[in-house]
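The values are calculated or read from the model by the stated rules, or taken from the named source; none is laboratory data. Only a predicted model underlies this, so the values are computations on that prediction, with no experimental measurement involved. Note that each Cβ is placed from the backbone with ideal geometry, even for glycine, and that neighbours are counted across all protein chains shown. Just the protein is used for accessible areas: all its heavy atoms, side chains included, with ligands, DNA and RNA removed. Shrake-Rupley method; radii C 1.70, N 1.55, O 1.52, S 1.80 Å.
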Amino acid sequence: MEDLTGLSRKEREKLFRKQEIQLAAAKLFAEKGFNNTTLEDIAASAEFGIGTIYNYFQSKEEIFRSIIQSFFEDYVQVTLNVDKQANGLVEFLRIYTEKTFEYLSKSKAALTMLVSYYTTNGCEGPANMHKDSFKAMHCQMDDRVIERIKKGVENKEIRDVNPQYLYYCYRSMVFPYITQVVKNNMLNEYNTKEHAEFILGILFNGILEK
């Protein structure tokens, strides 16, 4: 989310229009696919003239990239905020998981776009958009969580495990799970904590009766 501090009313209005275009486009990309969506579709959905769209973006490819850019930037900020807030690893994972579900429940269209892009090997997205475009931000999130796990092992919060392996296990639990509940329309702003607690219960306690 872009910082509005210090912006004039005109600048805020311009930013809001840009965000409205992105929201309308993300919904269309998620529902119809990138290839089946036109700038005219986006303009109609956003209730703007095509000329207004061109004031902010020159192509649907540019809109697509801007949505994914904003998605990663906002999620990096979620990660950094939780890192500042949480004390130990257990608290970090609990808050981070809850905030991840909260964020993605509000960003379902962008998540669907991203998953579609990666699972179709870039076919449902701009042909000239490289998958490594957002690698730096992705690595920033990965490194922050892995560092937290390392400290958790050092402080004996958890048993001695390979931090990178544990992170991959955590990530492979959370994101495919979220993708599935979004696909099946099972994630909303009211049940994010329930889904987060389910994942955390499996991560911390397993599934076997003690």
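Assorted remarks:
- Computed over protein heavy atoms with a 1.4 Å probe, the accessible surface of segment 1-69 works out to 60 Å² per residue.
- Accessible area (Å², per residue) of segment 87-185, counting only protein heavy atoms and a probe of 1.4 Å: 56
- Listed by chain and number, the lysines whose C-alpha is less than 22 Å from the C-alpha of Lys10, apart from same-chain residues fewer than 8 away, are Lys18.
- Integer Hz, Karplus 6.51/-1.76/1.60 couplings in order for segment 199-210, x for Gly and Pro: 4, 5, x, 5, 5, 7, 10, x, 10, 7, 5, 7
- Net length gained if the chain between Ser116 and Arg171 were fully extended (0.36 nm per residue, minus Cα distance): 18.0 nm
- When the P(r) is computed for segment 56-177, the part past 22 Å accounts for 40% of the Cα-Cα pairs.
- Charged-residue dipole, Cβ positions (Lys, Arg, Asp, Glu), segment 138-203 about Cα centre, Debye nearest 20: 80
- Loop-located GluC sites (Glu not before Pro) in segment 1-76, at most 14 other Cβ atoms within 10 Å (DSSP): Glu2, Glu47
- Simple Cβ-charge dipole of segment 37-131, Lys/Arg +1 and Asp/Glu -1, about Cα centre, in debye nearest 20: 240
- Length added when fully stretched, Ser8-Ser59, from 0.36 nm per residue minus Cα-Cα: 15.7 nm
- Principal-axis tilt of helix 163-183 within the chain, Cα atoms, nearest 10 degrees: 50
- Surface share of carbon and sulfur [accessible, 1.4 angstrom probe, percent] for segment 127-173: 49
- From the largest down, the chain spans 62, 39, 34 angstrom on the principal axes of its Cα atoms.
- Sorting Met173, Met186, Met129 on solvent-accessible area from highest to lowest, probe radius 1.4 Å, gives Met186, Met173, Met129.
- Three semi-axes of the equivalent ellipsoid, segment 1-97, Cα gyration tensor, whole Å, largest first: 32, 18, 9
- Cα-centre dipole for segment 1-60 with unit charges at Cβ (Lys and Arg positive, Asp and Glu negative), debye to 20: 120
- Exposure ranking of Lys210, Lys108 by accessible area [1.4 Å probe, largest first]: Lys210, Lys108
- Annotation: for a label point projected 7 angstrom from Cα along Cα→Cβ of Leu203, residues of segment 71-88 with backbone N closer than 19 Å are 75-88.
- For the chain: relative contact order, % (alpha-carbon pairs under 8 angstrom, 6 or more apart): 23
- Using alpha-carbon coordinates, inclination of helix 9-32 to the longest axis of the chain, degrees: 80
- Toward the positive end of the charge dipole of segment 1-118, with +1 on the Cβ of Lys and Arg and -1 on the Cβ of Asp and Glu, the farthest Cα among Ile53, Phe29, Tyr103 is that of Ile53.
- Computed with every protein chain present, the accessible area of Asp160 is close to 130 Å² [probe 1.4 Å].
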